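Step one of this worksheet: look at the structure below.
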Amino acid sequence: MKGLKDGLGDKAQSMIVAEKTYEVTDPTIDSQVVALKASGADIMMTFATPKAASQTIKKIAEIGWTPVHFLASISSSVGSVIKPAGFEHAQGIISNAYTKDPTDLAWKDDPATKVWLAFMDKYYPEGDKANSLSVYGYLAAQMLVQVLTQCGDDLTRANIMKQTASLKEIELGMLLPGIRINTSAADFFPIEQMQTMRFEGESWHLFGSVIVGEIGSGQSQ
């Protein structure tokens, strides 16, 4: 929410007509969604955890509200958010991502996704394949391997930190096409790109170019 307000700048006060919060322990967010509809808003920005996001999508449909709906990437999982809400209720929702969602039919024939599924079956069979954190953990482990490989035989703290800040154009299979990992001594953020996507049918469809969020870049790829 802070990022949205920072992005809108001076326009935030006039453009944001209402905002509602919730507690993760709340059984539903129905009342918040109803109140937001009553505000007359024609754009809905949902920054919520998966359960609340799924409830939001379903409630918006139930009350016949048709705003342009933007969904935070943390809750874009097809398996844990969209499917429980109902595919028919999620049509046209816009979100963004930098990793592949293994529950999305768009990646069912993707070689890298098949490698990830085989990895999960072998090393973490009890893991939840519908949880995006399983993909995140896998990618984090791959980056640790990359850093240690770059270190060679010098495993001092100084060299580990140096190599962590010296990642150049690293591409990993479970990252979306065009997303690369880069760090430098002056920039420790490894991923500063995202891809916009729209939900259609039973899967997300990527559109537009890769967006670069690096401060000062002012461009997309």
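Derivation of every value follows stated rules applied to the coordinates shown; laboratory data play no part. If you're wondering where the values come from, they're calculated on a predicted model, not measured in any experiment. Here the Cβ positions follow ideal geometry from the backbone for every residue, glycine too, while neighbour counts run over all protein chains shown.
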Legend entry - Over the chain: helical MRE at 222 nm, DSSP H runs n ≥ 4 each giving -39500 (n - 2.57), nearest 500: -10000 deg cm²/dmol
Inset, instruction - Can you give me the P(r) profile for the chain? Cα pairs, bins 10 angstrom wide beginning at 0, each as a whole percent. - result: 7, 28, 32, 23, 9, 2, 0
Inset, instruction - Return Val24, Val210 ranked ascending by Cβ neighbour count within 10 Å, so the fewest neighbours appear first. - result: Val24, Val210
Inset, instruction - Taking only Cα atoms and a 10 Å spring cutoff, compute GNM fluctuations for the chain and point out the largest among Ala53, Ala158, Ala141. - result: Ala158
Legend entry - Packing-based exposure ordering (other Cβ within 10 Å, fewest first) of Asp30, Asp187, Asp6, Asp101: Asp6, Asp187, Asp30, Asp101
Inset, instruction - Choose one answer from Gln195, Gln13, Gln150: the residue with the largest mean-square fluctuation in a GNM of the chain with alpha-carbon springs under 10 Å. - result: Gln13
Inset, instruction - Once you've got the GNM for the chain with C-alpha springs shorter than 10 Å, pick whichever of Leu155, Leu176, Leu105 has the biggest mean-square fluctuation. - result: Leu155
Inset, instruction - Mind pulling the angle between the C-alpha long axis of helix 111-123 and the longest principal axis of the chain? Nearest 10 degrees, somewhere in 0 to 90. - result: 80 degrees
Inset, instruction - Using only Cα atoms, tell me the angle between helix 132-151 and the longest principal axis of the chain; keep it within 0 to 90° and round to the nearest 10. - result: 20 degrees
Inset, instruction - Could you pull out the GluC sites (Glu not before Pro) across the stretch 1-63 that fall in loop regions by DSSP (anything but H, G, I, E, B) with no more than 13 other Cβ atoms inside 10 Å? - result: Glu23
Inset, instruction - Could you give the spread of the C-alpha atoms of the stretch 100-190 along their three principal axes, from largest to smallest, in whole angstroms? - result: 41, 27, 19
Inset, instruction - Express in whole angstrom the spacing between the alpha-carbon centres of the stretch 161-203 and the stretch 1-46. - result: 29 Å
Legend entry - Whole-Å distance, taken between Cα centres, linking the stretch 128-142 and the stretch 71-100: 17 Å
